[in-house]
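Enquirer: My questions all concern the structure below.
The values are calculated or read from the model by the stated rules, or taken from the named source; none is laboratory data. Everything numeric here is computed off the predicted structure, so don't read it as measured data. Because the Cβ atoms are built from the backbone with ideal geometry, glycine has one as well, and the counts that use them run over all protein chains shown.
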Amino acid sequence: MRICLISREYPPDTGWGGVGAFNYHIAHALTRAGHDVEVISLSAGEAARSSREEGVLVHRVAWKHLLEELNLTLVAAPASHYVIKTTVALWMRFMELHKEKPFEVVEVPEHLAGGLFHAMTRELPLVIHLHTPHSKFISDCFHGVTPSFDNRLICILERIGILLADQVISPSANLAGFVAEDTGYPFERIQVIKYPVDTEKFKPEGPRALADDGNLTVFFAGRLEERKGIHYLVEAMPAVVKAVPNVRFICVGADTNAAPGGGSMLAWLKKRLAENNCLDKVTFIPHIPLMEMPNYVRSADLCVVPSLYDNAPFTCIEGLASGKPVVATTAGGMGEYALHNERGLIVPPRSAEALADAIITLLKDEKMRLQFGKNAREFVASNLNLARKAEEKIALYEQAKAHFQSRNTDPLYMRGTQRSLRDALEVLCAYEQMMFETLSKQSLAFRMRHWFRFLKKRPRLAAAHLLVAGYRKAAGKHATAPAFIARLEEALEAQQKEQFSVTMSLASMLEDAAGKKTRAQDKQPVAAQ
């Protein structure tokens, strides 16, 4: 089957977060199973490129300078501006590739509406894989996401993709339930398929990164932020150290400015540990490459995932695959993986006391710890291995194709796929123009700032605008202007149309790509690229 996976995140360029890690694993699993897989992702730099990355054909698209002329949209709705411009970049590259050699199915995360154009145009079967929708961050107030118009617009765009998809997949029943409630999409139509893991990399056997010094090791991996619950783990540490003096904690994750009151979370955590005389028991590591991560997980006696919400974090799954019991919270789908009293212990979120009790229980009971670890490895090896997940994916893709062919409903956008981007950009340009005209009429401060920047950036053009405006104010809007004023007005009108044609040229590029041969660099052999 010819498959297109679209994801803003795809390692190593754009992070090893859950979305990126999932797409990395499934792309390689499908490729090893003999399918023709291409990945479209964002470029970390300024340039676009296509290359084989560990056997998978990956297209990195340039996006940072798209729609930058829509300044007011960027100011008024910065999150939506990012979502729209990256979605446009991904869609343009998809249409180029699809025209050259058609795909049979496309899979896109629901997160940040990467499948928006696919859903509206119904160009081919669309599979939406749930990870964590933006509306979940709003409902739980995570990452500073407020219920603003900007964030609500992103939720609407995500819901369009979900509701119009041919197949919706969730890694947990917990997340499926939230999405069903949030969108009205029938819960029974959401396919719950657990995340895969590379069981050859993450396994009990193999080298260990940490020397055996007689200590029991508790392992945490995740960003140092509120949602990952690291502060509750730190608050639990004094009780654990008191009960199990030969314990050590390894915490892997990047620092953030999410400390209570603002500032470095790492600095705040170290201060709390020092106050409780536990700082020497904890090692903080900002980042570990994926290839080295199995060695660290194998060094642990147990893994802890104290998240305030996580639908199915890879740190939990990788711990289970490595034969480690997991202490996790009920906030999300973690209990569906680390089954309570079988593969780990599940505790309420936001409770340092419950977290400490569970960790102490496992550290003190070696027999329980080893049995849970054995159960965990057997479960993952049988159910979450990449080969099995590739088979499940193909079965769901076939269902999506059948559903796509049998649907009698018309697409949401019916004017033709090639016109979709042009129409969308026309709406954006109209929105930008409306905001400019409204602010110009209502705000003297805005007009002054605008003309100051205009005079500084384009002095001759600004002078021409001021000359024409001054004449019209003195002579009247409908007065017959002298020839040089009339010619100046015509030139300024043409320039204003050209200003927005910069954005519209993106749509022309798409139409050219759909109707002509792709760029010469795309015709080069991948090895040469």
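Enquirer: Working only within segment 51-86, note down all residues that are free of Cβ contacts under 8 Å to residues at least 60 places away in the same chain, buried (at least 16 other Cβ atoms within 10 Å of the Cβ) and part of a helix (DSSP H, G or I).
Expert: 74, 81, 82, 85
Enquirer: Take the residues in segment 288-314 that are hydroxyl-bearing (Ser, Thr, Tyr) and touching a Gly at 6+ places or on another chain (Cβ under 6 Å); name whichever of them is farthest from residue 139 (Cα to Cα).
Expert: Only one residue fits best here, namely 307.
Enquirer: From the residues in segment 288-325 that are out of contact with any strand residue (DSSP E or B) (no Cβ under 6 Å at 6 or more places or on another chain) and either among the aromatic types (Phe, Trp, Tyr) or not assigned by TED's automatic domain parsing to the domain that holds residue 358 (or both), which one is nearest to residue 210 (Cα to Cα)?
Expert: Ranking the candidates gives 296 first.
Enquirer: Between 387, 338, which is touching a helix residue (DSSP H, G or I) at 6+ places or on another chain (Cβ under 9 Å), among the small types (Gly, Ala, Ser) and closer than 23 Å to residue 178 by Cα? Please lay out each step first, then the result.
Expert: Values: 387 fails: closer than 23 Å to residue 178 by Cα.
None of the others qualify; the one that does is 338.
Enquirer: Is segment 408-422 home to any residue that is touching a Lys or Arg at 6+ places or on another chain (Cβ under 7 Å), in contact (Cβ under 8 Å) with a residue 12 or more places away in the chain and not in a helix (DSSP H, G or I)? I'd like the intermediate steps shown before the answer.
Expert: Residues of segment 408-422 touching a Lys or Arg at 6+ places or on another chain (Cβ under 7 Å): 411.
Right, trim to in contact (Cβ under 8 Å) with a residue 12 or more places away in the chain and you get 411.
Next cut, not in a helix (DSSP H, G or I) only: 411.
Yes, there is a match, as at least one residue in segment 408-422 is touching a Lys or Arg at 6+ places or on another chain (Cβ under 7 Å), in contact (Cβ under 8 Å) with a residue 12 or more places away in the chain and not in a helix (DSSP H, G or I).
Enquirer: Taking the options 302, 279, name whichever one is among the aliphatic types (A, V, I, L, M), out of contact with any Asp or Glu (no Cβ under 9 Å at 6 or more places or on another chain) and in contact (Cβ under 8 Å) with a residue 12 or more places away in the chain. Steps first, answer last, please.
Expert: On the way: 279 fails: in contact (Cβ under 8 Å) with a residue 12 or more places away in the chain.
Only one candidate qualifies: 302.
Here's the yes/no breakdown for (1) surrounded by 24 or more Cβ atoms within 10 Å (Cβ to Cβ); (2) in contact (Cβ under 8 Å) with a residue 12 or more places away in the chain; (3) closer than 18 Å to residue 247 by Cβ:
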{"residue": "325", "(1), (2), (3)": "yes, yes, yes"}
{"residue": "328", "(1), (2), (3)": "yes, yes, no"}
{"residue": "346", "(1), (2), (3)": "no, yes, no"}
{"residue": "349", "(1), (2), (3)": "no, yes, no"}
{"residue": "361", "(1), (2), (3)": "no, yes, yes"}
{"residue": "364", "(1), (2), (3)": "no, yes, yes"}
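Enquirer: May I pose another question? Determine whether residue 438 is without any contact (Cβ under 8 Å) to a residue 60 or more places away in the chain, assigned to a helix (DSSP H, G or I) and of a type in the set (Val, Ile, Thr). Lay out the reasoning, then the answer.
Expert: Numbers: without any contact (Cβ under 8 Å) to a residue 60 or more places away in the chain: yes; assigned to a helix (DSSP H, G or I): yes; of a type in the set (Val, Ile, Thr): yes.
Yes.
Enquirer: Next question, about the same structure. Restricting the first residue to segment 191-206 and requiring it to be closer than 15 Å to residue 334 by Cα and free of Cβ contacts under 8 Å to residues at least 40 places away in the same chain, which pairs with a second residue that is polar (S, T, N, Q) and part of a loop (DSSP other than H, G, I, E, B) meet a Cβ separation below 7 Å and a spacing of at least six or different chains?
Expert: Final answer for the pair search is 192/172.
Enquirer: Being modelled with pLDDT of 95 or more and over 30 Å from residue 166 (Cβ atoms) narrows it down to one of 393, 364, so name that one.
Expert: Values: 393 fails: over 30 Å from residue 166 (Cβ atoms).
Going through 393, 364 in turn, just one is modelled with pLDDT of 95 or more and over 30 Å from residue 166 (Cβ atoms): 364.
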